[in-house]
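Worksheet for the structure shown next.
We did not get these values from a lab; they are worked out from the coordinates using the rules stated. Values in this document were obtained by computation on a predicted structure and should not be read as measured data. Cβ atoms come from the backbone with ideal geometry, glycine included; neighbour counts cover every protein chain shown.
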Amino acid sequence: MSTLIKNKVKTLRKFDRSATRYPYTIFDLSRPYFYRKSKRRLKNILKESDTKKANIILDVGCGTGYFTSLFKGHFTHVVGLDLSKNMIKVAKKSFEHVGMYETTDFLIADGEFLPFKNYSFDTTFCIDFLHHVNNVSAIIEEMLRATVSGGKFAAIEPNFFNPLYAMFCIIVSEESLRNFVRASKNRLKKILHINNIKNIEIYVDDFIPPIFLKFFHRAGKLLDILESSDNLLIPQPAQLFLSSHFTIIGRKQ
């Protein structure tokens, strides 16, 4: 068994085990601060989106489906895909519970070998996914293959220059700075350029990672102070370098 396959199996088992205690679920969107941060990211994804009636999006590595749920009303159909059967199980149960299952399909599949024909989706998307895979280039190439001409590729990834994420990597065994470098802004831009994606845009949204704010969700005033501080930092030039996450978007020719 090759090293790449061993690492993929190891990562899959890790996410299968952690599915029921994954930090973000659709129910976290009921927390105002988390909802506002997620909607801010969604706004970047939707910029200059097509307004045609049939608009289909694929969410690769969708996990529990919390961000997938935000696409309702913006796309006529949503497909969430993850290799972890337990993550998909959580996503399906969550969507059934809140009555959002009608326009969304979830399936277990490998993002490196998407079970779709060429040009199947208007938008292909992933969040907090690419830094967990070994062959980032192969995943992006597959996502682009499944995207229609003129369609959009979008990814949201952690920024390894953010000092709070460095702390996070020390605390949480599933994360490491090596992973973040694997899916850095410059690396993803290079991969998109190699695949002839020319119009690339990058957005930043916050300094404090959402996971840190979740730790303080019971401390109302402290949470307000942290969120206010975050909002003040967003317009600053340093934010381009120190943001907790970045969104990279490219349109397929």
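What to note about this one:
- Whole-Å semi-axes of the range 11-163's equivalent ellipsoid (Cα gyration tensor): 21, 19, 17
- Exceeding the 25 Å Cα-Cα cut-off - candidates LYS37/LYS152; LYS43/LYS89; LYS85/LYS252; LYS47/LYS92: LYS43/LYS89; LYS85/LYS252; LYS47/LYS92
- Listed from fewest to most Cβ neighbours within 10 Å, the set ASP105, ASP82, ASP206, ASP110 follows the order ASP105, ASP110, ASP206, ASP82.
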